[in-house]
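Note sheet for the following structure.
The values are calculated or read from the model by the stated rules, or taken from the named source; none is laboratory data. What you are looking at is a predicted structure, and each value in this text was computed from that prediction instead of being measured. As a convention, Cβ positions derive from the backbone with ideal geometry for all residues, glycine included, and neighbour counts pool all protein chains shown. The protein model used for the area step is the full one, side chains on, heavy atoms only, and it has no ligands, DNA or RNA in it. Shrake-Rupley method; radii C 1.70, N 1.55, O 1.52, S 1.80 Å.
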Amino acid sequence: MSDNHADLIVLGAGPGGYACAFRAADLGRNVVMVDPRATLGGVCLNVGCIPSKALLHAAEVIRGARHGDDWGISTGKVSVDLDKLRAKKDDIVAQLTTGLVGLAKRRKVQTIRGTARFDGENSLDIDGDIWTFDQVVIAVGSAPVRLPGWPEDDRIWDSTDALELREVPKNLAIVGGGIIGLEMATVYAALGSTVTVIEFMDQIAPGADAEAVAILRAALEAEGVTIHTGTKVTEVKATKTALTLSCEGGFEGTIKADVVIQAVGRYSNGNLVDPKTAGIEIDDRGVINVDASCRTNVAGIFAIGDVTGNPMLAHRATHQGHVAAEVASGHAAALDTDLIPSVAYTSPELAWAGLTQAQAKDQGIPHKVASFPWAASGRNLASSGGDGLTKLVYCPETHRLLGATIVGRNAGELLAECVLAMEMGATLEDVSLSVHAHPTLSETVGFAAERALGTLTDL
Ligand SMILES: Cc1cc2nc3c(=O)[nH]c(=O)nc-3n(C[C@H](O)[C@H](O)[C@H](O)COP(=O)(O)OP(=O)(O)OC[C@H]3O[C@@H](n4cnc5c(N)ncnc54)[C@H](O)[C@@H]3O)c2cc1C
């Protein structure tokens, strides 16, 4: 047993954990950060946001090359060197994760490679070493849900396996049509797999605006992806030659695949740290409940990121990380907003924040909707953007924006204007009178606001 003691210990080095550790160090705290991974950056940098976006970029390059003919540009038959692509992706991940090592050193944040769990109210066991602390931030993230009753088979992948890019299966089935499933469908369809997506809910990207989702669905189908919604996989049989999925609901029958990706959600890792030993309340899904200042029910113990439940997104984790560091260091801070943007980096991208039209209706919130179709956007047409839509939900009385959904190229980047507008309480007038450069895709946001006000001349 050692007599190690730290002012503040952060458990987990993902976007929540490292943001928290670095902010706390910047505020003058003596910080120790613990993670069992060989590299810093958590799921996001190692097996999540960054490698998936690298592969999605490759998918976009492939599609661009294939569609070059439309512009009189011939590149010949597109071929992919999988080893080189994998190396490129790994290199991007390595650049970012080693960059974090430098950032930690510069701030004198001590990093320990190890697995932590609470050993008592004021102590942690880190791979057999006992540490005491003044404060702890739990940022141990989440892991992919594995469906019960499925056979053990290395042809059944989770998102981490899919991002390893071991092979390009001829027939790929993806169970789960949420953001991760759709991003994987986009990657593997571009690489040459015949992809089938099976989604239990009535639409892919559940929770997003139905009109925008229909545009994404049509684009995926045009790339050869088969989509079955309202469909449940009831059984999976593994034989030497294939995996066979039995389906019920929207699609009744069987689907044969060489590889199946399970993309049915993620569960919180809360139980991994034995929180009850320290008296921390945890629900039966492993989620540690926190207040807006990221405090748990135990004084001096905070939790941030995926371990605190939905929405499980890196930018939420980072913001909570800053809040926890500041509150732990005696400052007043809170993440006092429901406005967490969601983006599917598919082709086209689908991005939304605030209320969708359906949510406003279901919640009885007075609202109106204005949209601008991208078929009328010069910039979109001039860059082969395909179909797209910018849709604003607003209050008919105050004209304040309540929500925004954008589907189209770079929708994820365009959404930022809408999020800022909503946070600042901007009105349709504010948005429409802000001069948007022409021709840009961002004009579609201004045009949608103009349309609501009856001042639009571009339709
Ligand atoms: C394929 C994929 C794509 C994604 N794409 C996006 C995206 O584009 N945008 C986005 O916003 N989000 C995306 N996400 C979600 C995003 O990765 C997570 O929301 C984010 O990583 C959560 O950050 P976190 O800090 O809470 O935890 P994590 O990033 O999960 O990090 C937690 C860390 O804690 C460590 N840990 C676990 N147990 C212990 C323990 N007992 N002691 C110490 N350390 C421990 C783990 O090793 C891990 O490194 C994606 C996820 C996946 C899987």
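Taken together, the residues in region 15-64 that are charged (D, E, K, R), over 20 Å from the mean Cα position of the chain (by Cα) and modelled with pLDDT of 95 or more amount to 5.
Of all residues in region 184-191, none are at positive phi and under 20 Å from the mean Cα position of the chain (by Cα). Quick check: is even one residue across region 135-148 away from the ligand (no atom under 15 Å from the Cβ), open to solvent by less than 40 Å² (accessible area, probe 1.4 Å) and part of a strand (DSSP E or B)? Looking through region 135-148, at least one residue is away from the ligand (no atom under 15 Å from the Cβ), open to solvent by less than 40 Å² (accessible area, probe 1.4 Å) and part of a strand (DSSP E or B). Within the set Thr318, Thr337, the sole residue that is hydroxyl-bearing (Ser, Thr, Tyr), closer than 24 Å to Met422 by Cα and at pLDDT below 95 turns out to be Thr337.
Residue-level analysis places Thr97 among those that are within 21 Å of the chain's Cα centre (by Cα) and within 16 Å of the ligand (Cβ to nearest atom). Going through (1) in contact with a His (Cβ under 6 Å, 6 or more places away or on another chain); (2) charged (D, E, K, R); (3) surrounded by fewer than 16 Cβ atoms within 10 Å (Cβ to Cβ) one by one, Glu397 falls short only on (1). Taking the listed residues Leu389, Leu414, Leu428, Leu402, the one that is in contact with a Cys (Cβ under 7 Å, 6 or more places away or on another chain), modelled with pLDDT of 95 or more and crowded, with 20+ Cβ neighbours inside 10 Å is Leu402, with no other qualifying. When Ser268 is tested against the conditions (1) open to solvent by less than 40 Å² (accessible area, probe 1.4 Å); (2) away from the ligand (no atom under 16 Å from the Cβ); (3) under 21 Å from the mean Cα position of the chain (by Cα), the lone failure is (2). Can you find a residue in region 153-172 that is farther than 19 Å from Val264 by Cβ, buried (at least 17 other Cβ atoms within 10 Å of the Cβ) and under 18 Å from the mean Cα position of the chain (by Cα)? No, region 153-172 has no match at all.
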